[in-house]
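Heads up: the structure comes next, in structure tokens.
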Amino acid sequence: SSQPLEILLCVFVGIGSGISILVSQAVGRADHDQLQKLVRTSVWLLFAASLLLTVIGFLLGPWMLRLMQVPADAMPGAVLYLRITMLGILGNMGYNFNAGLLRGIGNSSSSLLLLFISCAANIVLDLVLTGALGLGIGGVAAATAIALFLSWICSLFYIRRRCTELALPVLPCGFDAGALRQIVRIGLPLGLNSALYSIGHVFLQALYNLQGSVFVAGSVAGKVGGLANITVTSLSQATSVFAGQNLGAQSYSRLHRGGWLLPAASGLLSLAGGLLMAACCRPLLLLFTQDEAVLAFAVRYIRVVLPFQWCYAAFNAIMSFANGMGEIRYSTIVNIILLWGVRIPASYLLAWLGYGGYAMAGVSLSFVVGLLAMLFYYKSHAWADICARAEAQEAA
């Protein structure tokens with residue numbers, strides 16, 4: 001049920017990333033008036049969007065699960081999980097919007113602490129609701145929704161107390177039309193990009209579902225893969241904020257250095273993490289399942305995908321740099337090509353040839369193609385302009 005939820009959320013999570021980019025640029029320019037307009041508008045957008053998504057999720061969620069050909073034995077639990085977690089959309093989006101504001105002003109350590117509080121609460125609630133009270137899937141979903149609301153409420157208290165320059169309101173108090181247009185101009189392409197990506201993953205999940213419940217259960221490998229993905233997420237977010245703040249401050253020399261150094265660092269760290277996880281995956285997977293058939297699929301997934309994770313890390317950092325500069329179009333085109341032109345066709349081709357158990361190889365291939373495509377950013381007019389301005393600044 002994670003894919004339908006992701007589709008519903010991704011447009012507005014993309015808008016949240018757009019808010020973070022615009023905030024970072026305003027901070028770089030020291031434009032406090034624009035900063036407060038962006039904050040007020042983001043709160044109004046949060047409440048408007050979360051109410052709409054909750055209603056849509058309740059109505060369309062089961063239909064989307066049927067479209068994904070979820071196995072019959074998993075359908076009741078998937079519908080229950082999806083509908084309960086939909087109640088946590090306001091908390092989910094609220095935390096992500098607030099974390100974007102914190103990242104935009106260069107404060108990532110606080111959002112990390114708030115996320116830790118949410119994760120700790122989620123674990124405790126899982127143990128109580130599912131383990132002690134025996135509420136099953138409903139308990140897991142409720143634990144997730146409650147933890148998300150807790151992280152949002154904590155982020156509200158923190159920002160209002162420690163980041164007074166943002167003047168963050170608790171409830172909507174109007175919006176600025178100019179700020180809203182800017183948010184939509186930057187955030188909507190990012191969100192639609194994520195939506196197309198998530199819709200593509202529905203088609204992939206449908207293919208995986210056709211391989212049977214054991215294959216689907218092998219997706220527990222994603223829990224271990226997520227550990228190797230930590231550097232990708234964190235450095236990509238940092239790269240976007242870095243680009244936005246330095247563009248606002250017109251520090252082209254730092255933009256030039258960071259534009260190649262951050263993707264290289266992300267790729268190297270992800271390569272080390274991916275190889276380590278691939279080598280040690282079986283003991284880690286035993287924490288999640290002892291079923292040998294499930295373990296076999298999970299180990300195969302990790303050893304096919306994670307050694308190529310560094311390609312994803314590097315090209316995602318380049319994308320984040322371009323997004324932070326406000327150049328959304330190129331990265332959107334590349335994302336569409338690597339998913340709809342490479343990953344989905346390759347996975348279905350493997351299944352058609354009788355290698356459905358290796359359908360995840362399409363993911364690895366798309367990582368390699370994505371890196372090759374994003375390297376052409378360094379041949380673009382935008383990068384040439386950064387290089388020329390950096391050279392002029394250093395000469396001066």
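The values are calculated or read from the model by the stated rules, or taken from the named source; none is laboratory data. Please read all numbers here as calculations on a predicted model, not as lab measurements. We work out accessible area using only protein heavy atoms, side chains counted, and drop any ligands, DNA or RNA first. Shrake-Rupley method; radii C 1.70, N 1.55, O 1.52, S 1.80 Å.
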If each part is reduced to its alpha-carbon centroid, the range 337-394 and the range 237-295 end up apart, in Å, by 16 Å
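Convert 25 °C to kelvin, take the viscosity as 0.890 mPa s, use the Kirkwood radius over C-alpha pairs of the range 253-360 as Rh, and evaluate the Stokes-Einstein diffusion coefficient in µm²/s, rounded to a whole number.
Numbers: Rh = 16.1 Å.
Roughly 153 µm²/s, to the nearest whole number.
For the chain, what is the accessible area per residue in Å², given a 1.4 Å probe and the full set of protein chains? Present the calculation step by step, with values, prior to reporting the outcome.
On the way: 18050 Å² over 396 residues.
Per-residue value: 46 Å².
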Over the heavy atoms of residue 330, what accessible area does a 1.4 Å probe trace out, to the nearest 10 Å²? 90 Å²
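Could you give the length gained on full extension between residue 160 and residue 261, defined as 0.36 nm per residue of separation minus the Cα-Cα distance, in nm? Mind showing how you got there, number by number?
On the way: separation 101, 0.36 × 101 = 36.36 nm, distance 3.47 nm.
In short, 32.9 nm is gained.
In terms of solvent-accessible area of protein heavy atoms at a 1.4 angstrom probe, what is the ranking of 337, 386, 84, highest value first? It would help to have the intermediate numbers written out before the result.
Values: 337 90, 386 5, 84 40 Å².
Solvent-accessible surface, decreasing: 337, 84, 386.
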Cα gyration tensor, the range 231-273 - rounded (a/c under 1.5), prolate or oblate: oblate
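Using a 1.4 angstrom probe on the protein heavy atoms only, line up 173, 281, 387 by accessible area, largest first.
Working: 173 75, 281 0, 387 40 Å².
In descending accessible area the options line up as 173, 387, 281.
Report the full-extension gain for the segment residue 388 to residue 296: residue separation times 0.36 nm, less the Cα-Cα distance, to one decimal in nm.
Working: separation 92, 0.36 × 92 = 33.12 nm, distance 5.25 nm.
Full-extension gain reported as 27.9 nm.
Sorting 360, 277 by accessible area (1.4 Å probe), largest first, what list results? Working shown, then result.
Numbers: 360 0, 277 30 Å².
Putting 360, 277 in descending order of accessible area: 277, 360.
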Roughly how much of residue 97 is accessible, in Å² to the nearest 10, using a 1.4 Å probe? 10 Å²
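Based on the Cα coordinates of the chain, what is the per residue volume of their convex hull in Å³? List each step's numbers first, then the result.
Numbers: hull volume 53.5 nm³, N = 396.
That works out to 135 Å³ per residue.
Tell me, in nm to one decimal, what length is gained between residue 352 and residue 60 on full extension, where the rule is 0.36 nm per residue of separation less the Cα-Cα distance? If you can, show how the numbers build up before the last one.
Numbers: separation 292, 0.36 × 292 = 105.12 nm, distance 3.01 nm.
Gain on stretching residue 352 to residue 60: 102.1 nm.
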Cα gyration tensor category, rounded, prolate or oblate, for the range 36-187 with a/c compared to 1.5: oblate
With all protein chains present, the chain has a carbon and sulfur share of its accessible area (1.4 Å probe) in percent of 69 percent
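What number in nm² do you get for the range 327-374 if you take the convex hull of its Cα atoms and divide its surface by four?
Numbers: hull surface 11.8 nm².
Projected area, direction-averaged: 3.0 nm².
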Area accessible to solvent at residue 391, 1.4 Å probe radius, in Å²: 130 Å²
